[in-house]
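Colleague: Before I ask anything, let me first share the structure, which is written out below as structure tokens.
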Amino acid sequence: MDGNGRWARKRGMPREYGHSVGARVFKAVSTYCQDRGVEYVTTYALSTENLKNRSRQELNAIFLLLKEYIKDALVTAPKRNTRVKFPGDRSAFSPELIEMMDEVEEKTSGYKYLLNIAVNYGGRDEIVRAVNRLIAGGYKSVTEDDITSALDTGNCPPPDMIIRTGCELRLSNFMLWQAAYSEFYFTDTLWPDFGEKDVDAAIEEYSRRQRRFGSA
Ligand code: IPE
Ligand code: MG
């Protein structure tokens, strides 16, 4: 979901305004993805690097939006058959936020459509925490399957397609392990401008890709 800050600045508004519009857009877009039959949606809401390098003021605004999102999800997710999860290292968060995340994860755990909201998430950090979990569990050597299931994303299938908005052509530490065979879709559209027609365009493009997974 890249481009919130630039979108707001272009309008002479503070970056935080871009995040609040971005959060609204995420709700609409994730709902539309489900309407289009996408069963697994993951959003990169805040990276481990964002948490280290953004101002306190911007981070506070993002955490407030996250809390509002969770309060809303407690009511709306069950109605939409949606399971909400938060991949990422939540140990850096306030006890209040951790409790809210645990609560919505627990209350929605039985539903069909998965919505992963990655916060304080980094692909490298996730792999390191996964390996440490396995070591703590007594593993002396590991397989690819061991690491996959020890990741925060657990048994969620790897992403078929990764969409990045906001002009940048990089992965920025997103799902490094899981992205091994993902299709990439980059668009100049800034996240707050992303909408249903952009989802349609991405799905259309996906249908044209030939996935070979290393075969001839
Ligand atoms: C993405 O928008 C959302 C977060 C990282 C929280 P940015 O905040 O990166 O917006 P730009 O890239 O500065 O426009
Ligand atoms: Mg950015």
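Colleague: Over 26 Å, how big is the tail of the calculated P(r) for the stretch 4-207, in percent of all Cα pairs?
Modeller: 34
Colleague: How much length would be gained if the chain were fully extended between Asp193 and Met161, taking 0.36 nm per residue of separation minus their Cα-Cα distance, in nm to one decimal?
Modeller: Extra length available between Asp193 and Met161 comes to 9.6 nm.
Colleague: May I ask you to compute the full-extension gain from Leu171 to Glu105, defined as 0.36 nm times their residue separation minus their alpha-carbon distance, rounded to one decimal in nm? Please report the intermediate quantities before stating the final value.
Modeller: Details: separation 66, 0.36 × 66 = 23.76 nm, distance 2.64 nm.
So the chain would gain 21.1 nm between Leu171 and Glu105.
Colleague: Note down the relative contact order for the stretch 4-207 as a percent, whole number, built from C-alpha pairs under 8 angstrom at least six residues apart. Don't skip to the answer; put the middle values down first.
Modeller: On the way: 264 pairs, mean separation 48.3, N = 204.
That works out to 24 percent.
Colleague: Tell me, what ³J(HN,Hα) does each residue in the stretch 17-33 have, in order and in whole Hz, if you take phi through Karplus 6.51 cos²θ - 1.76 cosθ + 1.60 with θ = phi - 60° and put x for Gly and Pro?
Modeller: These are the phi-based 3J(HN,Hα) values: 5, x, 5, 6, 5, x, 5, 5, 5, 4, 4, 5, 5, 5, 5, 5, 4 Hz.
Colleague: Could you give the spread of the C-alpha atoms of the stretch 26-123 along their three principal axes, from largest to smallest, in whole angstroms?
Modeller: Here the Cα extents, ordered largest to smallest, are 36, 24, 22 Å.
Colleague: So who's got an amide H within less than 5 Å of the one on Ile117, skipping anything under 5 residues away but keeping other chains? H placed 1.01 Å off N, in plane.
Modeller: Under 5 Å from the amide H of Ile117: Thr43, Lys85, Phe86.
Colleague: Further question: Using a Gaussian network model on the chain with a 10 Å cutoff between Cα atoms, which of Ser149, Ser141, Ser47 fluctuates the most?
Modeller: Ser141
We did not get these values from a lab; they are worked out from the coordinates using the rules stated. These figures come from a predicted structure and were not determined experimentally.
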